Every structure is written in C-alpha cells, then in structure tokens.
Amino acid sequence: MTAPTCRACGAALTRTFCDLGLSPLANSYVTPERRHRGEVFHPLHAYVCDACWLVQLEAFESPEAIFSDYAYFSGFSAGWLRHAEGYVSAMIERFGLGPESKVVEVASNDGYLLQYFVARGVPVLGVEPAANVARVAVERGVPTEVAFFGRDTARRLAAAGHKADLMAANNVLAHVPDILDFTAGFAEILKPEGVATFEFPHLLRMIEHRQFDTIYHEHFSYLSLGVVIGILRQQGLRVFDVEEWPTHGGSLRVFACHEAASHQPTPGLERVVLAEWGAKLFDPSGYAGFGQAVADIKCAALRFLIEERAAGRTVCAYGAAAKGNTFLNYCGIGPELVRAVADRSPHKQGTWLPGSRIPVVSPDDLLALRPDTVLILPWNLKDEIAGEMAAIRAWGGRFAVAIPELTVF
C-alpha cells in the first residue's frame, strides 16, 4: 500500500501522531430503525506531515455523507451562545460594522451566531451544508444558503452581491478535506479590506492536555497557527492577529485579510508563534509520546469504571458529543459500564451512540436513574454541566472526567 498524502502540501504521510483503532462516524447516532443493523468503522489514525506539520486523518467519507444531515446543533450550549454573542459585540465595535456591512458565516449551523448580528441590524448570510440544521436558522430569521463552501460557491455568492466585510468560520476549518479549495473561497468573497476570522481548537493545547477525543472522522485536520498561516498564504491571505480562547479546551481565533489590506500585525501573533516553536510543533520531537499518554488515559478510565461496577455503583454519562464517542469507542466502553448518556438536544434523545450503543436520554431521565457517578464526556463544559446537574449530589452522586486525567469531584 502507498502512504497517504498530506492534504496541504502533498507530501507522503509516514509519521503516526495517534492511532485510535477503528471507529464509526462520531455524529452518526443510531436511530430506532437502524438499531439492529451494523455500522461501518473506519481507521482513526492521525498522521503528522514531516514537510508542513499539518496533523490530519485520511478521508474515508465524503463531506456530503457526513454533513448533509447533521446531528449537531450549536444553539443547545448556553456557554457557546454566550461566546457567540461576545464575538458579535467585539467584531461590531472593532471593525465598525453596521447596516451597510455584510457578514457571511461559513458553517453557520442553526443561526446560533448570526442571530446576534441580525438583532443588531447588520445584514448577514449563513452558508450551511446541512439542510436540516439550516432550516432552524431560517426559522430564526437568519438567511441561509444550503451549500458546501469553497472557491466555486464563493464566486457564485460574490456574483450575487454577497461580498463580505466580515467572514466567520467557527470550528469548520478542521472539518474540510480539501482545505486549499475551502480557504480559496475566502479570498474570492472578502472585500478588499474585509476580515475573515477562523476559530479552531489549538493543536498545542490538544497535545498539552492530551485531548485525543477531539480526533474523529469529521475532523480531517488538527491545526497550529504556523500551519494555518502557511495555508492561508497560499491563497493570498495574510494573518494579522490571533486571540487565545478557553473554548473547546483551548482555541485560537485567527484574523486574516487580503495580502494588500491595511490591517497591521499585532503582538499576539508573535507570542503564539513563539509558543508553538517552543513546544517543538515544527519538529518530530513535539509529537513523540502522545500515543502513550492516550493509552494511559484509556487504562485509567477502564480501571475506574470496572471498579464502580464491581462495587455496585451506577455510572451514567452526560453529553452525547462527538468527542465522547471517540473516547467511548477507543476505550471499548458500552452500556455494561455506562448505563445511559444524557443530552439536552432532542435531536439526539431516543437514539443510541454510534459504536458503543449507549442509549441517549434527556437530563430529566438521567436524574430519574439516580446514578452514583456522572461521567462528563465534553470535559470542556464540565463546570457548566455540573451546575446544571447539581441535583445528583442530593443522593451523594459524584461527577467525573477522564481527560486530561481521571478526576472525580
């Protein structure tokens, strides 16, 4: 077999970053009519490119198969909505956006972010490939184009009068297999002084905090600032600022513009680049040992859950999130160790998690089970979730997270 090739530079991929075995698509929740059917499992093997240092998975499914009917609705996380509203206020103030401006969001989901621009009188357009999710956005008053974004879509939208003063791309850059065509679209649709912002989990934090569960097939790439600067430069786009955010365990918000635009680089840009060099993200040694750390987390989690079962204690989980599905499938955890998982999204309730086949219930149904321990799968929201589910402490219940290390609280 020939080695897979890098989607950013075409070099052969021979260096393993993390091999999590076989796993189904993380957002392919099992509906009642599919419960007695099999599932397709693909290798979940992340490589790092020795030429450009992009960490990536091979593409086993097309974006159409993954995202055309999607189970993730951004509007069900109160913390993420606060983050989105803060972004809108900051962008309006920084770039003077108003009724004559145009904001375009790529992967706009259910209108969770653009609704705040609409409320402030700023014209918007969402671009969202999942028709079921886009319908919710339209019902919220957010105009939405159902399409996959890339060079061709951008040219069509630009010709239709949708040139953008601001483009937002939150947690989507990692989701595109053709990252060069995707980023080329921003160059097509941005006005000469327009700004594009990209938010994505920072590879540096992923390694530092052993966040292996953010690896799943819908995430084709795992990004550092240095790699993103290089990819955008290929499209004639220049990064001029970056902000660090605690979202998703540690994310970057990167600001980019046309090469000839007047936006000046900020000190934050140099600070993050130097941090990445210090962590050796552009050297093989920066990636050594991650796989062993992941295996240690698996062993600790299994040891804890087996001990809970042996002691007659009930464990449930909270958060039917993609990262949780990676964790459960890699560890081989099923309903014998975790009885049920609660989620606020009614789109997930009444289904079963892919691979592990743990039933998804409502938070109220979880409370009715009176679990002794609730394992919080989206560890980045552990404080929010522990607050929402504080009622389990009434019978002595506890919370736990497995990443970056097993913690019971």
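Some notes on this structure:
- Qualifying residue in region 206-227 (condition: more than 28 Å from residue 114 (Cβ to Cβ), in contact with a Phe, Trp or Tyr (Cβ under 8 Å, 6 or more places away or on another chain) and among the acidic types (Asp, Glu)): yes
- For region 23-50, residues that are free of Cβ contacts under 8 Å to residues at least 40 places away in the same chain and within 22 Å of residue 290 (Cα to Cα) total 2.
- Residue check, residue 201 closer than 29 Å to residue 328 by Cα, in contact (Cβ under 8 Å) with a residue 40 or more places away in the chain, part of a strand (DSSP E or B) and of a type outside the set (Ser, Thr, Tyr): yes
- Candidate set from region 103-142 (those that are more than 24 Å from residue 346 (Cα to Cα) and not hydrophobic (A, V, I, L, M, F, W, C)); member that is surrounded by the most Cβ atoms within 10 Å (Cβ to Cβ): 105
- Contact map, region 88-114: residues that are over 14 Å from residue 253 (Cβ atoms) and of a type outside the set (A, V, I, L, M) paired with residues that are in a helix (DSSP H, G or I) and open to solvent by 30 Å² or more (accessible area, probe 1.4 Å), Cβ distance under 7 Å, separation 6+ or inter-chain. Pairs shown: 110/136; 111/136; 112/81.
- Top-ranked residue of region 112-133 - restricted to ones that are modelled with pLDDT of 95 or more and part of a loop (DSSP other than H, G, I, E, B), ranked as nearest to residue 198 (Cα to Cα): 113
- Failed item in (1) surrounded by fewer than 17 Cβ atoms within 10 Å (Cβ to Cβ); (2) assigned to a helix (DSSP H, G or I); (3) within 24 Å of the chain's Cα centre (by Cα), with residue 298 passing the rest: (1)
- Taking the numbered list (1) open to solvent by 10 Å² or more (accessible area, probe 1.4 Å); (2) of a type in the set (S, T, N, Q); (3) part of a helix (DSSP H, G or I) in turn, residue 349 passes all entries but (3).
- Some residue of region 144-152 being of a type in the set (A, V, I, L, M, F, W, C) and buried (at least 23 other Cβ atoms within 10 Å of the Cβ): yes
- Subset of region 153-171 that is in contact (Cβ under 8 Å) with a residue 40 or more places away in the chain and charged (D, E, K, R) - its residue that is least open to solvent (accessible area, probe 1.4 Å): 165
Table: residues versus (1) open to solvent by 30 Å² or more (accessible area, probe 1.4 Å); (2) in contact with a helix residue (DSSP H, G or I) (Cβ under 8 Å, 6 or more places away or on another chain); (3) not in a strand (DSSP E or B); (4) not acidic (Asp, Glu).
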site: 207; (1), (2), (3), (4): yes, yes, yes, yes
site: 230; (1), (2), (3), (4): no, no, yes, yes
site: 242; (1), (2), (3), (4): no, yes, no, yes
site: 255; (1), (2), (3), (4): no, no, no, yes
site: 264; (1), (2), (3), (4): yes, no, yes, yes
site: 268; (1), (2), (3), (4): no, no, yes, yes
site: 272; (1), (2), (3), (4): no, yes, yes, yes
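- Filter result for the condition that a residue is under 26 Å from residue 209 (Cβ atoms) and crowded, with 23+ Cβ neighbours inside 10 Å, over 386, 320, 390: 320
- Any hit, region 4-25, residues being open to solvent by 70 Å² or more (accessible area, probe 1.4 Å), closer than 29 Å to residue 130 by Cα, out of contact with any His (no Cβ under 6 Å at 6 or more places or on another chain) and of a type in the set (S, T, N, Q): yes
- Residue within region 354-375 that is in a loop (DSSP other than H, G, I, E, B), open to solvent by 10 Å² or more (accessible area, probe 1.4 Å), more than 26 Å from residue 395 (Cβ to Cβ) and in contact with a Phe, Trp or Tyr (Cβ under 8 Å, 6 or more places away or on another chain) present: yes
The values are calculated or read from the model by the stated rules, or taken from the named source; none is laboratory data. Small disclaimer: the values here were computed from a predicted structure and weren't measured. Using ideal geometry, Cβ is built from the backbone for each residue, glycine included, and neighbour counts are taken over all protein chains shown. Remember, those area values only see protein heavy atoms, side chains included, never the ligands or the DNA or RNA. Shrake-Rupley method; radii C 1.70, N 1.55, O 1.52, S 1.80 Å.
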